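Here's the structure, in structure tokens; my notes come after.
The values are calculated or read from the model by the stated rules, or taken from the named source; none is laboratory data. Everything numeric here is computed off the predicted structure, so don't read it as measured data. As a convention, Cβ positions derive from the backbone with ideal geometry for all residues, glycine included, and neighbour counts pool all protein chains shown. Protein only, heavy atoms only, side chains kept; ligands, DNA and RNA dropped before computing areas. Shrake-Rupley method; radii C 1.70, N 1.55, O 1.52, S 1.80 Å.
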Amino acid sequence: MSETLWVPQTSERKEIYEAILPQVRSLLDGEKDRIANMANVAAALKEAFGFFWVGFYVVKEDQLVLGPFQGPIACTRINFNRGVCGHCYTTGATVIVPDVEAFPGHIACSSASKSEIVVPVFDTDQNIIAVLDVDSDTLNDFSEVDAEWLEKVVGLLSK
Ligand code: SME
């Protein structure tokens, strides 16, 4: 297992996702601990794209609880009916928020966060077990390209 992530020098996100997906897959292949794997996914996304905040909220009893992340400190518990993360949990679908101030109920862990994407993480039985939250300090930073590829990335965590 290589512990160095190779990231192409390009601003083309699709190209970066294409390059890192197989590397993250082989990094996760040898490890079954999901928290360890979430930690490496968060680190790889942070390293590859320099996102402001990348991390997981894990489903625990009746809340989403902060899991492995990279970036500034963040709120620890989110109710299922709150925020972008809660919306992702209840709908089971990826949510792209171009402007967090325009999203009713958005939870501002940091005033620097301007746009975000939240992607559901499913286990092999299709139960939602966590959400991946990626925050940017620029408006309108996420597109369907991010949705498509981040869904592939979190698919590596289902086992
Ligand atoms: N903005 C999220 C909360 C998590 S932080 O951004 C890290 C939300 O509205 O659910």
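How far, in nm, would the chain grow between ARG13 and VAL145 when pulled straight, counting 0.36 nm per residue and subtracting the alpha carbon separation?
46.7 nm
Within the chain, which complete DSSP H helices have Cα atoms spanning at least 20 Å along the helix axis and a mean Kyte-Doolittle hydropathy of 1.6 or higher?
Length and hydropathy pass: none found.
Using 1/(1 + (r/R0)^6) with R0 = 22 angstrom and r between the beta carbons of ARG77 and ILE35, what's the FRET efficiency to the nearest 0.05?
0.85
Under a point-charge model restricted to the Cβ atoms of Lys and Arg (+1) and Asp and Glu (-1), what is the dipole moment magnitude of the chain relative to its Cα centre, in debye to the nearest 20?
For this selection, approximately 320 debye.
In the chain, how many lysine pairs have Cα atoms under 25 Å apart, counting only pairs 8 or more places apart or on different chains?
15
Regarding the range 27-92, what's the average projected area of the Cα-atom convex hull, expressed in nm²?
With the hull built on Cα positions only, its mean projection is 5.1 nm².
Using a 1.4 angstrom probe on heavy atoms only, work out the carbon and sulfur share of the accessible area of the chain in %.
Using a 1.4 Å probe with all protein chains present, the chain comes out at 49 percent carbon and sulfur.
Determine the relative contact order of the range 13-158: mean sequence separation of Cα pairs under 8 Å and six or more apart, normalised by residue count, in whole percent.
Normalised by residue count, the contact order of the range 13-158 is 23 percent.
Please compute, over every Cα-Cα pair in the chain, the percentage with a separation greater than 28 angstrom.
Above the 28 Å cut-off, the chain has 14 percent of its Cα pairs.
Tell me, what is the percent relative contact order of the range 1-85, built from C-alpha pairs under 8 Å that lie six or more residues apart?
19
Can you run the Rg to Rh ratio on the range 1-57? Use alpha carbon positions and the Kirkwood inverse-distance Rh. Working shown, then result.
Numbers: Rg = 11.3 Å, Rh = 11.8 Å.
That ratio is 0.96, to two decimals.
Mind checking the log10 I(q)/I(0) for the range 117-159 at q = 0.13, 0.27 Å⁻¹? Debye, one equal scatterer per Cα, no solvent, two decimals.
The calculated log intensity ratios at q = 0.13, 0.27 Å⁻¹ are -0.29, -0.93.
With every protein chain present, what is the per residue accessible area of the range 13-158 (1.4 Å probe, Å²)?
Result: 47 Å² of accessible area for each residue.
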